[in-house]
Amino acid sequence: MANKSPIENFIAGGVGGALKITISHPLDTIKVRLQTMPIATDGFYSYLRKMIASEGFLALYKGISVPLIAGVPFSASYFGGCAFGRWLLQEEQSTGSFVSNFFIGGISGGFTSLIAAPLDRVKALLQVQSNVVKPRYRGPFHASRKLFREGGVPNLYQGFSVTLLRGFLAGASYFSVYALLKKIFSAGSDADNRSSAVTIMISGGTAGVIVGLLGLPLDVLKSRLQTAPIGRYPRGIRDVLKEIRREGRMRSTLFRGWVPVLGLFPSNAVCFLGIETTVYLLDLRK
């Protein structure tokens, strides 16, 4: 992320978020479906072919309206929050330590989870819903109203504890790993101390994949909690882990969906390139 004002990074984060969501949503849909299966009978490519054959290509974009409506301000808030944290500490990203970047990103990621949790639940429910004559949820607004009527605000925030934990760890790792990689790869930066597009894309793409792989176990738990009916997991994470143990595939289940995560490289690469480019263009207008 460029070392500019929180407002500039807020705007740039929104641009980067929109690019990332558009590219990554099909992979996210497959990942959520694989993670919520009791027993995975198909691999990524096998399930992808079956899904397109039975539901059509556009099924990959089920629920995309939710992340586009909420994910763009979410991304804007996250990157703007990271810039604000750097401003409070009076340090530049390029000179900030890994530890300070880790906590700045973590606090920002945890805070934005407050917004993301109910929207993420709605998105997951729409993603796992197959094409039927009378779907349970007709869209994001219908799903939100139905969830609220059935269980109020707690129902919308089902799985919040794991969402918050994942948000902190993912936000912390995402920001700090990107800053570290960009610092390593920017030895040949130009006179303006701007990293090249290749450096930005490699750093951003790699950070996205690393964070995605590290967060897979929590992501699996989150997907199961968010797509479950009310009361299925009264003790939350403990009940989900107990169910997975009964299935007898703890390790393979907790890392289910790793192939789509590898595909997150392009979306995160484009996301950070969009952010850095937007901040640079905004700076030119001054």
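The values are calculated or read from the model by the stated rules, or taken from the named source; none is laboratory data. What you see is a predicted model; the values in this text were computed from it and never measured. Cβ sites come from the backbone with ideal geometry, for glycine too, and all protein chains shown count toward neighbours.
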Counted residues in the range 252-286 being modelled with pLDDT under 85 and closer than 13 Å to A207 by Cβ come to 1
Exception for R235 within (1) surrounded by fewer than 24 Cβ atoms within 10 Å (Cβ to Cβ); (2) closer than 19 Å to A179 by Cβ falls at (2)
So, in the range 96-113, how many residues would count as being in a helix (DSSP H, G or I) and either surrounded by fewer than 20 Cβ atoms within 10 Å (Cβ to Cβ) or of a type in the set (A, V, I, L, M) (or both)?
7
Pick out, from the range 114-224, the helices (runs of 4 or more DSSP H) lying fully within it that include 3 or more residues that are closer than 27 Å to F98 by Cα, of a type in the set (A, V, I, L, M, F, W, C) and touching a Leu at 6+ places or on another chain (Cβ under 9 Å).
160-185, 197-214
When restricted to K62, K31, the only residue within 19 Å of L213 (Cβ to Cβ) and not polar (S, T, N, Q) is K31
Restricting the first residue to the range 55-84 and requiring it to be under 21 Å from R138 (Cβ atoms) and without any contact (Cβ under 8 Å) to a residue 40 or more places away in the chain, which pairs with a second residue that is among the hydroxyl-bearing types (S, T, Y) and surrounded by 19 or more Cβ atoms within 10 Å (Cβ to Cβ) meet a Cβ separation below 9 Å and a spacing of at least six or different chains?
L60/T29; Y61/T29
The conditions are (1) assigned to a helix (DSSP H, G or I); (2) within 16 Å of the chain's Cα centre (by Cα); (3) touching a residue at least 40 places away in the same chain (Cβ under 8 Å), and P26 fails exactly one of them. Which is it?
(3)
Go through the range 70-121 and give me each residue that's modelled with pLDDT of 80 or more and acidic (D, E).
D120
